[in-house]
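Down below is the structure, laid out as structure tokens.
The values are calculated or read from the model by the stated rules, or taken from the named source; none is laboratory data. Computed from a predicted model, the values in this text were never measured in an experiment. Don't worry about glycine lacking a Cβ; one is built from the backbone with ideal geometry, like all the others, and counts go over all protein chains shown.
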Amino acid sequence: MLGVSRHATKAEVHAAWLKKVKENHPDHLIAKRASKEKIAEANATIAALNTSYQRIMEDMKKP
């Protein structure tokens, strides 16, 4: 989902996550007066990105 390799550093993962969040943030759609469906889709995408980010960071903490 984030588009990083298995061997990415924490900084690379964070940068990829931040880029995706900026691209898909619902506030941008609200400003453009997008439909409620598009905003709901963006919220779901953000939730999925956050979940992916958290899982990757937790896996990096494991030895």
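If you go through the stretch 23-44 one residue at a time, how many are within 20 Å of GLY3 (Cβ to Cβ), without any contact (Cβ under 8 Å) to a residue 24 or more places away in the chain and assigned to a helix (DSSP H, G or I)? The qualifying residues number 5.
When you look at ALA11, is it surrounded by 12 or more Cβ atoms within 10 Å (Cβ to Cβ), of a type in the set (A, V, I, L, M) and part of a helix (DSSP H, G or I), yes or no? Taking the combined requirement at face value, the residue does not satisfy it. Going by what's in this entry, would LEU18 be described as modelled with pLDDT of 95 or more and either surrounded by 11 or more Cβ atoms within 10 Å (Cβ to Cβ) or touching a strand residue (DSSP E or B) at 6+ places or on another chain (Cβ under 6 Å) (or both)? Here the answer is yes, as LEU18 does meet what is asked. For LEU2, the conditions (1) part of a helix (DSSP H, G or I); (2) within 12 Å of the chain's Cα centre (by Cα); (3) surrounded by 16 or more Cβ atoms within 10 Å (Cβ to Cβ) all hold with the exception of (1). Close Cβ contacts (under 8 Å, 6 or more residues apart or on different chains) running from residues in the stretch 52-63 that are closer than 21 Å to LYS19 by Cβ and loosely packed, with under 13 Cβ neighbours inside 10 Å to residues that are at pLDDT 90 or above and not aliphatic (A, V, I, L, M) comprise MET60/LYS10. Pairing residues of the stretch 1-19 that are free of Cβ contacts under 8 Å to residues at least 60 places away in the same chain and closer than 12 Å to LEU49 by Cα with residues that are part of a loop (DSSP other than H, G, I, E, B) and not small (Gly, Ala, Ser), at Cβ distances under 6 Å and at least 6 apart in sequence or on separate chains, gives VAL13/VAL4; ALA16/LEU2; ALA16/VAL4; TRP17/LEU2.
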